[in-house]
Amino acid sequence: MKKIILALLLVAILLPSFVAAKELEISLSTGGIVTYTEKTISVDLTIQNNQNKEDSFSITIWPPSAEGINAILEKYTTTLSAGGSETEKIYFDVAVSAEEKISIFTITVTSRTDSSINASENLNLRVVRTSPIYISDLKLSKYVFNPGEELDVNVSVANKGTETYEGAELKTSVQRYGQIIQKFEDDLNVEKSAVKKIGHAFAFDKYADPGTYTLNVELRDSTDKLVGFESVSLQLNAVANVTHEKTVQYGLLLQTVTVKVKNEGNVESTGFYVTEDIPSFMKTFFYPVGKWTEEQIYDRILYHWYVPSLLPGEERTIKYEVNLWYGTVVSVIIIFCVVMAFRYVFTPQIVKRHRLVGEITRENEITISLDVKNRSRHEVKSVIVRDIVPPILKVVKKFETLKPAIRITAAGTELIWKLASMKPREERILTYAVTPVVDMSGSLKLPKASITYLDRKKATKSAASKTVLVKSM
């Protein structure tokens, strides 16, 4: 009786598992695979729902990855009708660095409504290496750059073999749209069970086009067969950088200013203005070149040159001159006029005048007056006044003022008055009378009178009057 009871209990325990196993069945297209590094293979998983109802199932694989092998499921869940079946793909991506060994993966399918309904299968995956060397690591200093910045590339090549590998070649290139911008080639000998590191530096040109660049690393074995490849995207920023450089060339009373603007960025610049300002009083001396606009702000003048745009590396030149020649000439003329006016106003002066009533006849006297005035601020000495009477006239020998010395010359009769000195602002009037030798009609021109003297520095100076025109009244 006890044996019967024990048998019934055993049947009761094993019956649920038997039923569950029958309710769900799975199978693999193969239980073992041999594959190579840098390959992706797949196996088929068939799921059979033996239940009398529709059910949903989850699919899992363990481990999801193992030493360079990644397992990828085509589906992670599926729904099957009562008695229905479905075949799914399971992919295995084998990296170049995968170990040469056998790995076991377990595939499990479980009902999402009743976890006791499940089934599992094992898959043995053997990896065979195609080459003992591979790219084990790739490191970059950064991935986003500005023009002119440097990129540091460090590549590690590992050798899984049992002896030194000779004759390998590593090719590193920076490309844009398939065009190689920079390339490095290295011949390698990698010792057994070792890692060899290779580093390179590359600087982007400051005018390089912005956008996405690609860094490609190829590893080839001694037969030039590709046994490793890595690719990374790099981003070069767009930078607009307009620089200004001002130089000044000096000449005699002349400055030539040159302003150079250059786009040192890698994209076309927008339009901009170059502005120079000067004090308002300098406008007369400022000569801009080219097309400009002018703006007055308080006591300064702003000159604007518009530059519509600059391509990368393009340069424009703006010039203007500060020319003091015109101002200097004007200043010299003004100074000269002031000096002459000063000399005219503040130096001794002689003015010759005449007086005649009626016709120019022998009986009618012409009175001549010489107005001598020291307009300087200092005393003058040894003053000599001279006047010439033309031969057509004769001197009437009566003098109302100081009597002169009379001397007959080829030019006529010379009258000379000598004064010891004249104080500042002192004025002397000298007169004499003449009559014509013959009666005359029309007019008579009398020559200039002159004065000589010693100034306070004992320098001999002179001045003359204007000529006098005598007309009959």
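The values are calculated or read from the model by the stated rules, or taken from the named source; none is laboratory data. Because the structure is predicted, anything quoted here is derived from the model rather than measured. For neighbour counting, all protein chains shown are included, and Cβ atoms are generated from backbone atoms with ideal geometry for every residue, glycine included.
Summary table
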| quantity | calculated |
| --- | --- |
| Subset of the range 228-248 (residues that are in contact (Cβ under 8 Å) with a residue 12 or more places away in the chain, among the hydrophobic types (A, V, I, L, M, F, W, C) and closer than 30 Å to residue 288 by Cα) | 240, 242 |
| Top-ranked residue in the range 64-73 [being surrounded by fewer than 16 Cβ atoms within 10 Å (Cβ to Cβ) and modelled with pLDDT of 90 or more; ranked as nearest to the chain's Cα centre (by Cα)] | 70 |
| Strands (runs of 3 or more DSSP E) lying entirely in the range 282-341 (those with 1 or more residues that are under 29 Å from the mean Cα position of the chain (by Cα) and modelled with pLDDT under 80) | 286-288, 315-323 |
| The range 195-208 - residue that is at pLDDT below 90 and surrounded by fewer than 15 Cβ atoms within 10 Å (Cβ to Cβ) and, of those, farthest from residue 164 (Cα to Cα) | 205 |
| Residue among 452, 435 that is more than 22 Å from residue 348 (Cα to Cα), in contact with a strand residue (DSSP E or B) (Cβ under 9 Å, 6 or more places away or on another chain) and polar (S, T, N, Q) | 435 |
| Residues of the range 100-124 satisfying the condition of being surrounded by 15 or more Cβ atoms within 10 Å (Cβ to Cβ) and within 30 Å of residue 157 (Cβ to Cβ) | 103, 105 |
| Residues located in the range 218-248, provided they are more than 29 Å from residue 267 (Cα to Cα) and buried (at least 17 other Cβ atoms within 10 Å of the Cβ) | 218, 219, 220, 221, 227, 228 |
| Any hit, the range 249-270, residues being outside any strand (DSSP E or B), buried (at least 16 other Cβ atoms within 10 Å of the Cβ), β-branched (Val, Ile, Thr) and touching a residue at least 40 places away in the same chain (Cβ under 8 Å) | yes |
| Residues of the range 125-149 classified as of a type in the set (A, V, I, L, M) and buried (at least 17 other Cβ atoms within 10 Å of the Cβ), total | 4 |
| Selection count where residues are touching a residue at least 40 places away in the same chain (Cβ under 8 Å), part of a strand (DSSP E or B) and among the hydrophobic types (A, V, I, L, M, F, W, C), scope the range 380-416 | 7 |
| Residue in the range 197-209 that is without any contact (Cβ under 8 Å) to a residue 40 or more places away in the chain and outside the structural domain of residue 38 (by TED's automatic domain parsing) present | no |
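Listed here are the residues, each with its yes/no results for (1) charged (D, E, K, R); (2) touching a residue at least 40 places away in the same chain (Cβ under 8 Å); (3) in contact with a Ser or Thr (Cβ under 6 Å, 6 or more places away or on another chain).
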| position | (1), (2), (3) |
| --- | --- |
| 79 | no, no, yes |
| 92 | no, yes, no |
| 104 | no, no, no |
| 115 | no, no, no |
| 122 | no, yes, yes |
